[in-house]
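So the structure is just underneath, and the comments pick up after that.
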Number of protein chains: 2
Amino acid sequence: MNIGSAAKAAGLPVKTVRYYADIGLVEAPDRTQTGYRRYDEAAVRKLAFVRRARDFGFSIEECRELLSLYEDKSRSSADVRAIAAAHLEEIEEKQRQLAALRDELAHLVTACRGDDRPDCPILDRLG
Amino acid sequence: MNIGSAAKAAGLPVKTVRYYADIGLVEAPDRTQTGYRRYDEAAVRKLAFVRRARDFGFSIEECRELLSLYEDKSRSSADVRAIAAAHLEEIEEKQRQLAALRDELAHLVTACRGDDRPDCPILDRLG
DNA sequence: CCTAATCTTTCCTGTAGCTGGAGAGTCAAG
DNA sequence: CTTGACTCTCCAGCTACAGGAAAGATTAGG
């Protein structure tokens, strides 16, 4: 399997697959005589795993940890849960901040008449 | 006023103030004979304006627009409102995505026993 | 007046996670 | 044999700065 097919199978851009190899996240098993990266089923599974983890907002480093746990058959589910729970905390913190932000901004947008005149509570608040 | 005092007055790191000058967002009025940037009251007000707009999550480019409206006494509040409303939309979209993400992840964390055994719904879902 | 500490300057590098492009080589089909 | 699709490496750029080096400027203390 060349990189193009592997990328398509994993649902990732070719560039990204190459990037993951560069940073040592998911490396292709070997190369052809002419230097083409070959990917096997196992590598494609890892790529897809990473893609889904990234969709969940896990960082590359978190993906690296999850991947090693994914590979390690003697892992404990507690390790995985700890990573996921920490990540969940981050998400919830970001949610709180975003909510506060939204409320204040929404308030300003509502207060602004949005007409031809220069009076604007939004700018007043910022200035 | 040297850059240090201006930065402190505006509540920004010196590095950031210099960066804003580099990208032409808020430039210092002039330089001393020895090359020190001088900041006056007006420049400091602009810096503080940008800081607050950044706190609201406006991008640098949005800040640039807001700043020119802030400076423009013949502006219409509709222009400002349009930028803010667009930004509000972005924030709300991000909120929706984050909420969906959180729910799914929270579900997985709840489903995971988190014990010594390798069975883990989180990895099952990702793999 | 000298010195040490603090401030400021420019320039270069790095961050996260890729994305785009140039230029060159490879492969499969017709 | 040619054409088009694929792949390679390397380099640059994106956001919004932060860190640090080396050198000059300024200020306070003695």
- Item | Distance from the range B:46-80 to the range A:44-115 (C-alpha centre basis), Å | 30
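In debye, nearest 20, what is the charge dipole magnitude of the protein assembly as shown about its Cα centre with +1 on Lys and Arg Cβ and -1 on Asp and Glu Cβ, if you could check?
Working: 42 positive and 44 negative charges, 119 e Å.
Dipole magnitude for the protein assembly as shown comes out near 560 debye.
Quick check on the range A:80-127: what does the Kirkwood estimate of hydrodynamic radius come out to from the alpha carbon pairs, in Å? Display every interim value, and only then the final one.
Numbers: mean 1/r = 0.0763 Å⁻¹.
After inverting the mean inverse Cα-Cα distance, the result is 13.1 Å.
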- Scoring chain B by relative contact order with C-alpha pairs under 8 Å, at least six apart, yields a percentage of 16
- Query: Using a basic spin-label model with each label point 7 Å from the Cα along Cα→Cβ, how many nm lie between B:Ala111 and A:Arg31?
  - Reply: 4.1
- Mind listing the label-point distances from A:Ala100 to the same position on all other copies, shortest first, one decimal in nm, points 7 Å along Cα→Cβ? 2.7
- Item | Gaussian network model of chain B, Cα within-10 Å springs - most flexible of B:Gly114, B:Gly57, B:Gly11 | B:Gly114
- Query: Where a Cα-Cα gap under 21 Å defines reach, which lysines qualify for A:Lys46, not counting those fewer than 8 residues away within the same chain?
  - Reply: A:Lys8, A:Lys15, A:Lys73
- Note on the structure: Largest fluctuation, A:Leu69, A:Leu47, A:Leu108 only, Gaussian network model of chain A with Cα springs under 10 angstrom, belongs to A:Leu108
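In the range B:1-86, which trypsin sites (Lys or Arg not before Pro) are in a loop and have at most 16 other Cβ atoms within 10 Å, using DSSP for the loop call?
Numbers: sites: B:Lys8, B:Lys15, B:Arg18, B:Arg31, B:Arg37, B:Arg38, B:Arg45, B:Lys46, B:Arg51, B:Arg52, B:Arg54, B:Arg64, B:Lys73, B:Arg75, B:Arg81; in loops: B:Lys73, B:Arg75.
Hits after loop and neighbour filter: B:Lys73.
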- Item | Gaussian network model of chain A, Cα within-10 Å springs - most flexible of A:Asp55, A:Asp116, A:Asp30 | A:Asp116
- Message: Placing +1 on the Cβ of each Lys and Arg and -1 on the Cβ of each Asp and Glu in the protein assembly as shown, which of B:Thr34, B:Val17, B:Ala78 has its Cα farthest towards the positive end of the resulting dipole?
- Response: B:Thr34
- Task: Using R₀ = 41 Å, calculate the FRET efficiency as 1/(1 + (r/R₀)^6) where r is the Cβ-Cβ separation of B:Asp119 and A:Ser5; round to 0.05.
- Result: 0.80
- Message: Please report, for B:Lys73, the nm distances (one decimal) from its label point, 7 Å out from Cα along the beta-carbon direction, to the equivalent points in the remaining copies, shortest first.
- Response: 7.9
- Task: Taking the Cα atoms of the range B:1-75, report the difference between the largest and smallest coordinate on each principal axis, in whole Å and largest first.
- Result: 37, 26, 20
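How big is the Cα convex hull of the protein assembly as shown in projection, averaged over all directions, in nm²?
Numbers: hull surface 79.1 nm².
Result: a mean projected hull area of 19.8 nm².
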- Enumerate the lysines that A:Lys94 could reach by cross-link, defined here as Cα to Cα under 23 Å, with residues fewer than 8 away along the same chain left out. B:Lys94
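Listing B:Thr34, A:Thr32 from the residue with the fewest other Cβ atoms within 10 Å to the one with the most, what is the order? Before the final figure, lay out the partial values.
Numbers: B:Thr34 5, A:Thr32 9.
By the 10 Å Cβ count, ascending: B:Thr34, A:Thr32.
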- Task: Note the distances from B:Thr34 to each other copy's matching label point, with points 7 Å along the Cα-to-beta-carbon direction, in nm, sorted shortest first.
- Result: 6.5
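Let me know the whole percent of all Cα-Cα pairs from chain A that are separated by more than 19 Å. Before the final figure, lay out the partial values.
Values: 5019 of 8001 pairs.
It works out to 63 percent of all Cα pairs.
Only the coordinates and a few stated rules stand behind these numbers; no lab work does. All figures in this text were calculated on a predicted structure; none of them were measured in a lab. Positions of Cβ are backbone-derived with ideal geometry, glycine not excepted, and every protein chain shown enters the neighbour counts.
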